Amino acid sequence: MIIVTGASGSLGAPLVRALAREGADVHGLSRRPRQGDGVTWHVGDLASGPAVLGEAGTIVHLASEPFKKGADLVQTRTLLEAARPDAHLVYVSIVGIDRHPYAYYRTKLAAERMIEGSGRPYTILRATQFHGFVASFFDALSRGPVLVAPTGTSCQPVAVEEVAARLAELALDSPAGRVPDLGGPEVLDARHMARTYLDITGKRRALLPVRLPGEVGRAFREGLHLASEPGGSRTWTEFLAGRVQSPAPRP
Ligand SMILES: NC(=O)c1ccc[n+]([C@@H]2O[C@H](COP(=O)([O-])OP(=O)(O)OC[C@H]3O[C@@H](n4cnc5c(N)ncnc54)[C@H](OP(=O)(O)O)[C@@H]3O)[C@@H](O)[C@H]2O)c1
């Protein structure tokens with residue numbers, strides 16, 4: 001039995017479908033009742049330790065609340081308390097977090113360390129930013145008359161389906177510790193990404209270059225969040241074109 005926390009999320013959804021296609025006994029955890037995707041769903045909140053976690057031989061831990069301070073540490077601690085001592089823990093993390101001062105990345109690093117120090121067999125995959133995550137920022141920022149684009153900053157966006165496929169392989173395999181990072185195929189300047197977004201969505205907005213402030217801004221300009229090797233194959237342009245042709249249903 002494989003249980004996926006965050007199974008309803010942008011990465012969880014393609015992951016549980018990939019695991020189900022492989023014939024795995026895949027279970028999903030969500031705070032609300034759900035059905036579908038070839039998954040046995042369980043209602044549970046990681047803030048309170050759902051009992052089903054103790055039944056799984058493999059736990060893929062994707063659940064996250066980036067904008068709630070400390071939430072991911074509470075979730076990871078609860079998961080570790082509930083998991084079997086021999087459960088294979090598979091954790092998805094973010095490229096470059098060792099030296100990055102962004103608060104959410106500090107939390108992800110602390111969660112990685114909790115898993116590594118738990119005595120459980122584990123696998124940790126770090127990925128760069130998903131295409132849909134970056135696009136959702138541009139969607140929000142382009143609601144006004146201009147689109148803000150950070151200067152001197154690059155991104156290496158990756159297809160969430162490619163991260164899901166890699167995680168499915170890892171979850172079905174033996175524990176491997178920290179595995180090589182997975183980034184997208186291209187390192188793109190943020191202003192170029194914003195311009196491509198406007199071209200493909202057909203939105204007419206002026207680009208407003210902005211220098212991200214402080215040590216967090218500097219870390220992004222230094223590219224600490226970029227993978228050392230190109231990874232997946234789907235490009236930013238292909239992602240945007242696919243999204244325009246078949247927009248995701250509103251949740
Ligand atoms: N987004 C990116 O670009 C990116 C890049 C690299 C790594 N990652 C990592 O990938 C993971 C998944 O990201 P995502 O973008 O797929 O996230 P997402 O779409 O925001 O989904 C978050 C998931 O967390 C679950 N969740 C939140 N709080 C919970 C709680 N207290 N108990 C149980 N479940 C809870 C939600 O489930 P319900 O609402 O159904 O309860 C939801 O399925 C995260 O760990 C993130 O750090 C993301």
Formal net charge of residues neighbouring Gly70 (Cβ-Cβ distance under 11 Å; K, R +1; D, E -1): +2
nm² value of the averaged projected area, convex hull over the Cα atoms of region 126-178: 4.8 nm²
Computed [θ] at 222 nm, helices only, for the chain once each DSSP H run of length n ≥ 4 contributes -39500 (n - 2.57): -11000 deg cm²/dmol
Inter-part distance where region 55-112 and region 186-218 are each reduced to a Cα centre, Å: 29 Å
Sorted by Cβ neighbour density within 10 Å, fewest at the top, the residues Trp236, Trp41: Trp41, Trp236
Percentage of interatomic Cα-Cα distances in region 25-147 larger than 18 Å: 59 percent
Residue order, fewest to most surrounding Cβ atoms within 10 angstrom, among Ser154, Ser64: Ser154, Ser64
q = 0.08, 0.10, 0.15, 0.17 Å⁻¹, region 2-245: log10 I(q)/I(0) [Debye, one scatterer per Cα]: -0.32, -0.49, -1.07, -1.30
Cα extents of region 66-208 along the three principal axes, largest first (Å): 55, 30, 23
Rg over Rh, two decimals, region 45-112 (C-alpha only, Kirkwood Rh): 0.98
Dipole magnitude of region 2-245, debye to nearest 20 (Cβ charges: Lys/Arg +1, Asp/Glu -1, about Cα centre): 980 debye
Cα-derived Rg to Rh of region 152-251, Kirkwood definition: 1.03
Ordering of 127-134, 42-49 by packing [mean C-beta count within 10 Å, highest first]: 127-134, 42-49
Degrees between helix 131-141 axis and first principal axis of the chain (Cα, 0 to 90, nearest 10): 50 degrees
Helix axis angle, 71-82 relative to the chain longest principal axis, alpha carbon, degrees: 20 degrees
For Glu186, Glu238, Glu229, order by how many other beta-carbon atoms lie within 10 Å, fewest first: Glu229, Glu238, Glu186
Region 2-245, relative contact order [Cα under 8 Å, separation at least 6], %: 19 percent
0 to 90° range, to nearest 10: angle between helix 160-172 axis and the chain longest Cα axis: 20 degrees
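Coordinate-derived values only; no laboratory data. None of these values were measured; they are calculated from a predicted model. For neighbour counting, all protein chains shown are included, and Cβ atoms are generated from backbone atoms with ideal geometry for every residue, glycine included.
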